[in-house]
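Each value in this text was obtained by applying a stated rule to the coordinates, not by laboratory testing. Computed from a prediction, not measured in an experiment: that's the story for all the values here. All Cβ positions, even for glycine, are placed from backbone atoms using ideal geometry, and neighbour counts span all protein chains on display.
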Amino acid sequence: MRARRVVLVAGTTALVALLLAGGYLFMQLKNGDPRILQTCAEEAAAPMGWACERALFRYHPTPAEVQRFNAEGGPMYAVTTNNEAFARRLLAHYLAAGIDINATVQRLPMKWTALHAMVVQGNPMAVRLLVEHGADTAMRDADGKAPLDLARELHAKEPSDARAQVLQVLMAEKPRQPVEESRASDAAKP
């Protein structure tokens with residue numbers, strides 16, 4: 001009888017510890033940094049990777065995170081992965097939450113968008129995803145360079161297959177007219 005009581009107490013203690021740990025884990029996932037959750041979702045083994053992915057898509061980004069991401073180049077982190085399907089899904093999720101695909105990195109003097117940054121990284125998949133989701137290829141950085149200008153310059157300095165693919169993606173995209181130019185041309189029409 002005493003042995004059963006010990007087993008029952010030990011089992012109950014283990015269950016309470018497990019529930020407390022689960023509650024702690026839940027709070028960490030809910031309140032965690034989405035960039036850490038993204039890494040966890042991509043790299044952690046199941047079930048942790050699964051839990052991180054669920055938390056990322058259920059609780060993030062919060063309005064404060066949207067504001068922070070927009071000051072850090074918008075969807076830049078969503079496309080910095082090797083898993084295209086995951087990047088595509090995360091990018092769509094972030095854009096639906098209000099992240100601006102054309103936001104510039106405010107803390108850097110270059111004022112790059114995520115598209116500028118991915119061009120500099122030589123990441124053709126990220127460049128293609130950003131363009132497909134509406135990134136403005138005509139946006140200029142603080143030096144007046146559009147992503148295509150940067151791509152040409154970097155490929156001329158350090159040619160590579162990745163830089164050639166970035167160039168190909170950007171050259172295939174017809175740049176939009178800047179808002180001021182399109183208004184001026186509309187006003188000039190009879």
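Remark on segment 62-174: Rg and Dmax equal 13.2, 41 Å (Cα only).
Under unit Cβ charges (Lys, Arg +1; Asp, Glu -1), what dipole magnitude, rounded to 20 debye, does segment 62-174 have relative to its Cα centre? Walk me through the numbers on the way to the answer.
Numbers: 12 positive and 13 negative charges, 4 e Å.
So the dipole magnitude of segment 62-174 works out to roughly 20 debye.
For the pair ALA71 and ARG35, the difference between a 0.36 nm per residue extended length and the Cα-Cα distance amounts to 11.5 nm. P(r) tail, segment 38-85: Cα-Cα pairs separated by more than 16 Å, 46% of all pairs. Annotation: peptides 113-122, 142-151, ranked by per-residue average of other Cβ atoms within 10 Å with the highest first, follow the order 113-122, 142-151. Cβ crowding within 10 Å, taken as a proxy for footprinting-reagent exposure, orders TRP50, TRP112 from fewest neighbours to most as TRP50, TRP112.
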